[in-house]
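The values are calculated or read from the model by the stated rules, or taken from the named source; none is laboratory data. Since the structure is predicted, the reported quantities are computational estimates derived from the model, not experimental observations. The area values use the complete protein model at the heavy-atom level, side chains included, leaving out ligands, DNA and RNA. Shrake-Rupley method; radii C 1.70, N 1.55, O 1.52, S 1.80 Å.
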Amino acid sequence: MLKKIYKSIFSERQRNDVHFFSFRFRGLRYQGNKVECPCCDGKFSTFLAYGNVPREQAVCPRCNALERNRVLWLYLTKVLNIQEKKWKILHFAPERTLEKRMKQLKKLTYIGADLNPDLADYQMDITQIPHKENEFDLIICSHVLGHVPDEGLAIREMKRVLKKDGLAIVMTVIDLNNSKTYENEAIKTPEERLKNYGEDDLTRLHGLDFGQRLKTQGFEVEALDYRLTFSEAEQKRLGLGQGAREMLFLCKH
């Protein structure tokens, strides 16, 4: 009953604000120097488990960043030097901690977008992007395409609004044991999706053919396991995952 009243009083955005604020206090419980989160620059005794099938050392106790978020932020800052760029960026389903960090970079023009208006500053359908061609220097699309019914249209729309010399970084969960993406229109309920895809709101589980699926829609694609540029000790300290969720697909015209 109290939960229903809480939801009726506060919007999803407000509830999320409270949720993320509470992580500051959770982080205090895990003070230490064993692991380090590059997304919030915090040091802790451990990362926490996360997932339907819990992954150990997955989530930052303070900023709630996951393995894939840490890999992406390291790539953005160490390779792309995003903090020095004057780019226009379109970020789909923006992760809260990354959104916050990029908004702090005053040289950037940053647009965080989501189909749900409570989850980003701009409401936007990735299959109908309301922007002109060749507009963005960088597009970030992390763990979105597995949820979109018309994946091909979403990819073509990203390509349309990306500058000719721009970059789209696409990430997804990949079944490393399957050469082909698995999708079945008969799988419709959240229970069936959870059983078959591992998450209750996925419409497909990408396989090792994901890069080819991006190429089919016109992109030139480089698959990069950026984790491997770090030593095993660094990967463990920074919590960079095991590869199924952290691969960077670098897409260009």
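All Cα-Cα separations within segment 115-203 were binned at 5 Å from zero, giving a P(r) of 3, 13, 19, 23, 19, 12, 9, 4, 0, each value a whole percent of the pairs.
Rg ratio for the chain: its Cα radius of gyration over 2.2 N^0.38 Å, N being its residue count, equals 1.01. In the chain, the DSSP beta bridges split such that about 45 percent are antiparallel, to the nearest 5.
Note down the Stokes-Einstein diffusion coefficient of segment 175-243 in µm²/s, whole number, using a Kirkwood radius over alpha carbon pairs, 10 °C, and 1.306 mPa s. Value of D from the Cα-based Kirkwood radius: 112 µm²/s. Shown for segment 16-134 is the translational diffusion coefficient from the Stokes-Einstein equation, using the Kirkwood radius over Cα pairs, a temperature of 4 °C and a viscosity of 1.567 mPa s: 83 µm²/s. Taking each DSSP H run with n ≥ 4 as -39500 (n - 2.57) and averaging over every residue of the chain yields -8500 deg cm²/dmol at 222 nm.
Here ILE174 sits with roughly 20 square angstrom of accessible surface, probe radius 1.4 Å. Just checking the listed ones, CYS60, CYS141, CYS40: in the Gaussian network model of the chain with Cα springs under 10 Å, the one fluctuating most is CYS40. If you run the Gaussian network model on the chain, springs between alpha carbon atoms under 10 Å, then out of LYS163, LYS86, LYS215 the most flexible one is LYS86.
With every protein chain in place and a 1.4 angstrom probe, the accessible-area ranking of TYR75, TYR182, TYR122, largest first, reads TYR122, TYR182, TYR75. In the structure shown, do any of LYS107/LYS252; LYS85/LYS132; LYS163/LYS195; LYS103/LYS159 have a Cα-Cα gap over 29 Å, and if so which? Checking Cα-Cα distances, LYS163/LYS195 exceed 29 Å.
Extension gain for the segment GLU191 to LYS106, taken as residue separation times 0.36 nm less the Cα-Cα distance, is 26.3 nm to one decimal.
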